[in-house]
Every structure is written in structure tokens, then in C-alpha cells.
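The values are calculated or read from the model by the stated rules, or taken from the named source; none is laboratory data. Everything numeric here is computed off the predicted structure, so don't read it as measured data. No Cβ is skipped: glycine too gets one built from the backbone with ideal geometry, and neighbour counts run over all protein chains shown.
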Amino acid sequence: MLKKFLAKFKNKNYKRWFWQSVAGLLLLQSGLCMVVESAFLKHGGAATWEWVTAGTVSLAVFYAGVSLTVDGVRYRD
């Protein structure tokens, strides 16, 4: 099984799919955790600008992860 993976990993498109999908999934999960944290800020009594800024950044990270993950499918062999 490892030999099959390493043989495919020599392919440039497969390598791009692998790393782009991993990076996308990490960003997606991080963005989701950040969204929850901004919700805690909102309901914890933080200033409005704090949770709005945190929420905006977290949604940007989340959507970047979605975009990378979905775009990586193009390179899957």
C-alpha cells in the first residue's frame, strides 16, 4: 500500500492535490474553531468591535479552507 502511495506521489498533480487538500482541511477546521471562539466573545460581554473582527477573520479563514479543499479535487488522479 505504501508503494502505491509513493508511486502516485511522484505525480505532480497528485502531490499538489495532497498538500492542497491537507492545507484546506486544516484551515477549514481552524476557521470553524475561530467562529466558535468569536461566538464566545459575543456572549461573554466583549466589546462589539472585538467579536465582529474576530468573526470576520474567522469566516475568511473558514472559506479559504473550503476553497482550497474543493479546488484540490481538480488535481486528484
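Against the conditions (1) part of a helix (DSSP H, G or I); (2) on the phi > 0 side of the Ramachandran plot, GLY45 satisfies every one except (1).
Report the residue count in the range 21-71 for those that are among the small types (Gly, Ala, Ser), over 9 Å from the mean Cα position of the chain (by Cα) and closer than 25 Å to PHE9 by Cα.
Step one: list which residues in the range 21-71 are among the small types (Gly, Ala, Ser), which gives 21, 23-24, 30-31, 38-39, 44-47, 54-55, 58, 60, 64-65, 67.
Next, only the ones that are over 9 Å from the mean Cα position of the chain (by Cα) stay: 38-39, 44-47, 54-55, 58, 60.
From the residues that got through so far, the ones that are closer than 25 Å to PHE9 by Cα too are none.
Adding up the residues that qualify gives 0.
Looking across THR48, THR69, one residue alone is among the β-branched types (Val, Ile, Thr), surrounded by 14 or more Cβ atoms within 10 Å (Cβ to Cβ) and touching a helix residue (DSSP H, G or I) at 6+ places or on another chain (Cβ under 9 Å). It is THR69.
In the range 44-62, the residues that are free of Cβ contacts under 8 Å to residues at least 40 places away in the same chain form Cβ pairs under 6 Å with partners that are basic (Lys, Arg) and in a helix (DSSP H, G or I), at six or more places apart or across chains, as follows: TRP51/LYS42.
Might you let me know whether the range 4-23 holds any residue that is over 18 Å from VAL66 (Cβ atoms), among the aliphatic types (A, V, I, L, M) and at pLDDT below 95?
First pass over the range 4-23, keeping only residues over 18 Å from VAL66 (Cβ atoms): 4-15.
In the following step, the residues that additionally are among the aliphatic types (A, V, I, L, M) were identified as 6-7.
Pick out the ones that are also at pLDDT below 95 and you get 6-7.
Scanning the range 4-23 turns up at least one residue that is over 18 Å from VAL66 (Cβ atoms), among the aliphatic types (A, V, I, L, M) and at pLDDT below 95.
The rows are residues; the columns are (1) exposed (fewer than 15 other Cβ atoms within 10 Å of the Cβ); (2) part of a helix (DSSP H, G or I); (3) among the small types (Gly, Ala, Ser); (4) touching a residue at least 24 places away in the same chain (Cβ under 8 Å).
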residue	(1), (2), (3), (4)
LYS3	yes, yes, no, no
LYS8	yes, yes, no, yes
TYR14	no, yes, no, yes
GLY31	no, yes, yes, yes
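Scanning the range 19-45 for residues that are closer than 15 Å to ARG74 by Cα and out of contact with any helix residue (DSSP H, G or I) (no Cβ under 7 Å at 6 or more places or on another chain) returns TRP19, VAL22.
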